[in-house]
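Enquirer: Pasting in a structure now, in structure tokens, and then I'll have a few things to ask.
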Amino acid sequence: GIYVCAKCGYELFSSRAKYEHSSPWPAFTETIHEDSVSKYKERPGALKVSCGKCGNGLGHEFLNDGPKRGQSRF
């Protein structure tokens, strides 16, 4: 399936990029489109993530916390 922004419906993540993580929220390794999200550094190791189309807050990208070495977790 495709995960979309709750506010504007823009495509964000694919279920193919989803994986199990210890957090209670869905975890993804990549976005669908290069401009699916916008991000800015909030603190070391974490970027604040918003919808790339409307700016709706989506959470964070945690750097180097994905299922494989060097991958990020959205």
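The values are calculated or read from the model by the stated rules, or taken from the named source; none is laboratory data. Predicted model, so just to flag it, every value in this text is computed and none were measured. When we count neighbours, we look across all protein chains shown, and the Cβ atoms used for this are built from the backbone with ideal geometry, even at glycine. For accessibility, only protein heavy atoms count, side chains too; no ligands or nucleic acids. Shrake-Rupley method; radii C 1.70, N 1.55, O 1.52, S 1.80 Å.
Enquirer: Checking the structure you have, find out if any residue of the range 44-54 is more than 12 Å from the chain's Cα centre (by Cα) and modelled with pLDDT of 95 or more. Spell out how you get there, then give the answer.
Expert: At the first step, the residues of the range 44-54 found to be more than 12 Å from the chain's Cα centre (by Cα) are 44-45, 53-54.
Those still in the list that are modelled with pLDDT of 95 or more too: 53-54.
The answer is yes, given that some residue of the range 44-54 is more than 12 Å from the chain's Cα centre (by Cα) and modelled with pLDDT of 95 or more.
Enquirer: Sticking with this structure for a sec: Is there any pair linking a residue in the range 1-14 that is closer than 10 Å to residue 52 by Cβ to one that is β-branched (Val, Ile, Thr), with Cβ under 7 Å and at least six apart or on different chains, and which?
Expert: Matching pairs, first to second residue: 10/4; 11/2; 11/4; 11/32; 12/4; 12/31; 12/32; 12/37.
Enquirer: Regarding residue 12, is this residue surrounded by 11 or more Cβ atoms within 10 Å (Cβ to Cβ) and more than 16 Å from residue 1 (Cβ to Cβ)?
Expert: So residue 12 does not fit the description; no.
Enquirer: While we're here: Within the range 28-74, can you find the residues that are closer than 20 Å to residue 2 by Cβ, open to solvent by less than 50 Å² (accessible area, probe 1.4 Å) and assigned to a strand (DSSP E or B)?
Expert: Selection gives 28, 37, 49, 50, 51, 59, 61, 73.
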